[in-house]
Amino acid sequence: MFIEITDRPITPERTMDVSSSVRRDAHGAVVTFNGVIRDHSEGRKVISMEYEAFREMAEKKLRELLEEIKVRWGIEDVAIVHRVGKLEIGETAVVIAVAASHRKTAFEACQYAIDRLKQIVPIWKKEVFEGGEGWV
Amino acid sequence: MFIEITDRPITPERTMDVSSSVRRDAHGAVVTFNGVIRDHSEGRKVISMEYEAFREMAEKKLRELLEEIKVRWGIEDVAIVHRVGKLEIGETAVVIAVAASHRKTAFEACQYAIDRLKQIVPIWKKEVFEGGEGWV
Amino acid sequence: MRIKVKLFARLRELAATGEVDMDVSPGLTAGGLTAMLKEKLPRLGKSLDSAAVAVNGENAQSGVTLKAGDEVAFLPPFSGG
Amino acid sequence: MRIKVKLFARLRELAATGEVDMDVSPGLTAGGLTAMLKEKLPRLGKSLDSAAVAVNGENAQSGVTLKAGDEVAFLPPFSGG
């Protein structure tokens, strides 16, 4: 159970390590979500994204999120890593791994984690697109 | 878009490669499911699992499953690898990776894939538990 | 005519074989073959009842008429994943 | 009394700074500070209206009274993930 905000790339290897970190012998399911920079957004051709966090508060909110998941599903094996800084197309902005006894719970909790992260965690992104840029 | 039934271990590295294989620049989300052998089942202490497949038909059914996902969600970037043979606790029996433009679709299609796999793909497992064994 | 019968999982273990070649009469249906197997290998009984049938790798109804060379598979309820 | 103001994302860019120390009167509320900032930096106006306020890293209502040393952050709508 850990959270991290990092300016280092979240490589496939890092995703692998994050997923492995939540596995326990009691688990039958591991669900991993990668939020990735895609090359388009509302009709614009995206070049890159710049992520900014209010780091202390974001870490606090991510820990609250883990606590919410623990209360709601009894799941403690959750890891969330969010990247900040400038990200290129195809790079991972966030990885969330959830392990649980049963798959239904793991899917639900993982999806909740990313939905909730977007609601309560003070992180912002500026889109650099062809012909301009803007906070989204 | 590929399926595979294999008797080789699905290591964390293999899961990483399967997930990476479905990523495209147009995708904002990659959801990866690992079905793992857990150490308990209905109150029994599990020692290992033996998976058996009707391989030709299982491959055909997995391809049908990919087609269903394509028709329903318009998603083509799906990979499914299912292990057969003897698996120890903590080993991955199945990995499913789904990439999509948006996360909701990726989560839905990934969960559908594992639910549907269990319904239509001719694969069976025998549980070896403390004090006995049995097909489940 | 000659057909091939494939058995999986519990059925394979109960029959102590995964594959049997059988000589059957033309016109035999999948359901007829099930009844024949039950008589020949009574210990398969209950497990055969809960098995699905596939002919040449495609799901089949019990009423389907078998042809020479068909591969008929008996599939206990799946438990993959 | 002295407080610290933090600005993020669009607000930070519009203000051309992420952090300002300010001297304010005791009894000032978070909402009062918002109004004061709008006057001081009119170009923040609309973006300040849609911002949430956090005091010392905790979500705060606009009615909360600030204390000396407080760190008040203005948070545009989040877009992480």
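The numbers here are math on the coordinates, done by the rules we state, and not lab data. Just so you know, these numbers come straight off a predicted model, no measurement behind them. Cβ atoms come from the backbone with ideal geometry, glycine included; neighbour counts cover every protein chain shown.
Data for the structure
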{"quantity": "Eligible aspartates and glutamates near D:LYS40 by straight Cα distance, threshold 16 Å, same-chain separation 8 or greater", "calculated": "D:GLU13, D:GLU19, D:ASP21, D:ASP23, D:ASP49"}
{"quantity": "Total charge dipole magnitude, chain A, about the Cα centre, Cβ charges on Lys, Arg, Asp, Glu only, Debye to nearest 20", "calculated": "280"}
{"quantity": "Per the axis that maps chain C onto chain D, nearest residue of C (Cβ criterion) and its distance in Å", "calculated": "C:GLY81, 14"}
{"quantity": "Other-copy label distances relative to C:LYS38, 7 angstrom Cα-Cβ extension, nm", "calculated": "8.1"}
{"quantity": "Relative contact order [Cα under 8 Å, 6+ residues apart], chain D, whole percent", "calculated": "41"}
{"quantity": "Chain A, helix-only ellipticity at 222 nm - DSSP H runs n ≥ 4, -39,500 (n - 2.57), divided by all residues, nearest 500", "calculated": "-11500 deg cm²/dmol"}
{"quantity": "Neighbouring partner chain Cβ atoms per residue of A:37-50, average, 10 Å criterion", "calculated": "2"}
{"quantity": "Order of B:THR6, A:THR92, D:THR29 under a 10 Å beta carbon neighbour criterion, fewest first", "calculated": "B:THR6, D:THR29, A:THR92"}
{"quantity": "Signed unit charges on C-beta, dipole axis of region B:13-136, positive-most listed residue B:MET16, B:ALA79, B:LEU66", "calculated": "B:LEU66"}
{"quantity": "Positive minus negative residues near A:HIS102 (Lys, Arg vs Asp, Glu; Cβ under 11 Å)", "calculated": "+2"}
{"quantity": "Cα centre as origin, Lys/Arg/Asp/Glu Cβ charges: region C:2-75 dipole, Debye", "calculated": "180"}
{"quantity": "Lysine pair number, Cα distance threshold 24 Å (strictly under), region B:11-136, separation 8 or more or different chains", "calculated": "21"}
{"quantity": "Dipole of chain C, positive direction: furthest Cα of C:THR17, C:ALA68, C:ILE3, with charges on the beta-carbon", "calculated": "C:THR17"}
{"quantity": "Rg/Rh ratio calculated on Cα atoms of region D:2-75 (Kirkwood radius)", "calculated": "0.91"}
{"quantity": "Cα pair distances of region B:5-136 binned at 10 Å [whole percent]", "calculated": "13, 41, 32, 12, 2, 0"}
{"quantity": "Residue order, fewest to most surrounding Cβ atoms within 10 angstrom, among B:THR105, D:THR65", "calculated": "D:THR65, B:THR105"}
{"quantity": "Fewest-first ranking of B:ILE69, A:ILE47, using other Cβ atoms within 10 Å as the exposure measure", "calculated": "A:ILE47, B:ILE69"}
{"quantity": "At 7 Å out from Cα toward Cβ: A:VAL128 inter-copy label distances (nm, ascending)", "calculated": "5.6"}
{"quantity": "Point-charge dipole on Cβ atoms (K/R +1, D/E -1) for the protein assembly as shown, about Cα centre, debye to 20", "calculated": "540"}
{"quantity": "Spacing of the two label points (7 Å from each Cα toward its C-beta) at B:ASP115 and B:GLU130, in nm", "calculated": "3.5"}
{"quantity": "7 Å along Cα→Cβ, label-point gaps from A:GLU13 to other copies, nm, shortest first", "calculated": "1.2"}
{"quantity": "At q = 0.14 Å⁻¹, base-10 log of I(q)/I(0) for the protein assembly as shown (Debye sum, equal scatterers on each alpha carbon)", "calculated": "-1.19"}
{"quantity": "Nearest-ten-degree value, helix D:30-40 long axis tilted from longest Cα axis of chain D", "calculated": "70"}
